[in-house]
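Encoded as structure tokens, the structure appears first; notes follow it.
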Amino acid sequence: MANAKNILTFDIEEWFHILDSLDSIHPDKWNSLESRIEGNMEIIFRILQENNMKATFFVVGWIADKYPHLVKKISALGFEIGSHSDQHQIIWHQNKREFENDLISSISKLEQLSGKAITMYRAPGFSLVPSVSWAFDILAKSGIKVDSSVSSTCYGYNDGSTFTSLTKPAKIITDNAVIKELPMSSFSMFGNKVAYAGGGWFRLIPSLVLERLFANSDYSLSYFHPREFDKNHPAINDLPLLRKLLCYYGVKNCEQKLIYILKKYQFTDITDAVNTIDWNSCPQINLTNKQVSAQLAY
């Protein structure tokens, strides 16, 4: 694999779009909750513009409905947009028809607002796991060319299978097309995979350690949420202890930590990274005819 640049992405959702809580998982409750996304988006725009960085924004369709001007601004500023679903629900809670309808709805809204084709997708909660591998075929059929939904660290699904073992780019071969997969990057700590480049672990790990991890990696994919730059956003109280730690620890320092890393290393968006990678040398995962095979040597 040719060296890929560091990739910077943002999942554009509200502070209450956390999937572990019964208090906030249902869309019918969202309109009654305080909105904080607009101010948080301004922080992200400022960080990127001041550091002259590209990034990819995976936007929830529900956000596009309520704040269409945010989607238009993302596009107007020259940042690329992908789908982060329409109603931000875990894929394994959906059947094929529900998933397809949700995907198509999100793509339609984002294309209408941005004026550009939506060809990238990220699943809520990185929930594209082996039990719902049928989702790749629906993604391909719907025009998605690049997916960034697979994590070796998520939800305890690291069972050594083709999906959950991926930590570097791969090609997913479906009945409809080939999808380029950009999984979460990670490193091993005490026998477990840790997604150091974004989210809670980025905030937990000291800056000097992060700097070394980025320096020693030939592929890193960072992801952040608007709520991670909001020192005063409300907390959801019914989260498991580890999830609560990963959701809220270090939020007050996240902006400065990200700026520190951006000044050390150059980041880019998914399109630039995809054009840098030598896809002929990447592993292939064959999902055609329901046969799953992989070559996971890098």
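The values are calculated or read from the model by the stated rules, or taken from the named source; none is laboratory data. Small disclaimer: the values here were computed from a predicted structure and weren't measured. Don't worry about glycine lacking a Cβ; one is built from the backbone with ideal geometry, like all the others, and counts go over all protein chains shown. For accessibility, only protein heavy atoms count, side chains too; no ligands or nucleic acids. Shrake-Rupley method; radii C 1.70, N 1.55, O 1.52, S 1.80 Å.
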Evaluate the following for L204: is it among the aliphatic types (A, V, I, L, M), surrounded by fewer than 20 Cβ atoms within 10 Å (Cβ to Cβ), over 25 Å from M53 (Cα atoms) and in contact with a helix residue (DSSP H, G or I) (Cβ under 8 Å, 6 or more places away or on another chain)? no
Can we say R212 is open to solvent by 10 Å² or more (accessible area, probe 1.4 Å), modelled with pLDDT under 95, in contact with a Lys or Arg (Cβ under 9 Å, 6 or more places away or on another chain) and more than 16 Å from N40 (Cα to Cα)? no
Note on segment 115-133: residues surrounded by fewer than 16 Cβ atoms within 10 Å (Cβ to Cβ) and within 22 Å of N286 (Cβ to Cβ) are P130, S131
One residue from I81, I74 being touching a residue at least 40 places away in the same chain (Cβ under 8 Å), closer than 23 Å to K180 by Cβ and buried (at least 22 other Cβ atoms within 10 Å of the Cβ): I74
In this structure, does C247 turn out to be within 19 Å of the chain's Cα centre (by Cα), outside any strand (DSSP E or B) and either at pLDDT 90 or above or surrounded by fewer than 17 Cβ atoms within 10 Å (Cβ to Cβ) (or both)? no
For segment 178-196, which positions are more than 18 Å from the chain's Cα centre (by Cα) and modelled with pLDDT of 90 or more? V178
Yes/no for S222 being under 25 Å from A135 (Cα atoms), open to solvent by less than 70 Å² (accessible area, probe 1.4 Å), among the small types (G, A, S) and assigned to a loop (DSSP other than H, G, I, E, B): no
Test result for S35, open to solvent by 20 Å² or more (accessible area, probe 1.4 Å), outside any helix (DSSP H, G or I) and not acidic (D, E): yes
Restricting to segment 169-192, count the residues that are surrounded by fewer than 20 Cβ atoms within 10 Å (Cβ to Cβ) and either closer than 23 Å to N275 by Cα or of a type in the set (K, R) (or both). 5
Search result, residues across segment 85-114 that are open to solvent by 70 Å² or more (accessible area, probe 1.4 Å) and in a loop (DSSP other than H, G, I, E, B): N95
(1) surrounded by fewer than 19 Cβ atoms within 10 Å (Cβ to Cβ); (2) in contact (Cβ under 8 Å) with a residue 40 or more places away in the chain all hold for F229 apart from (1)
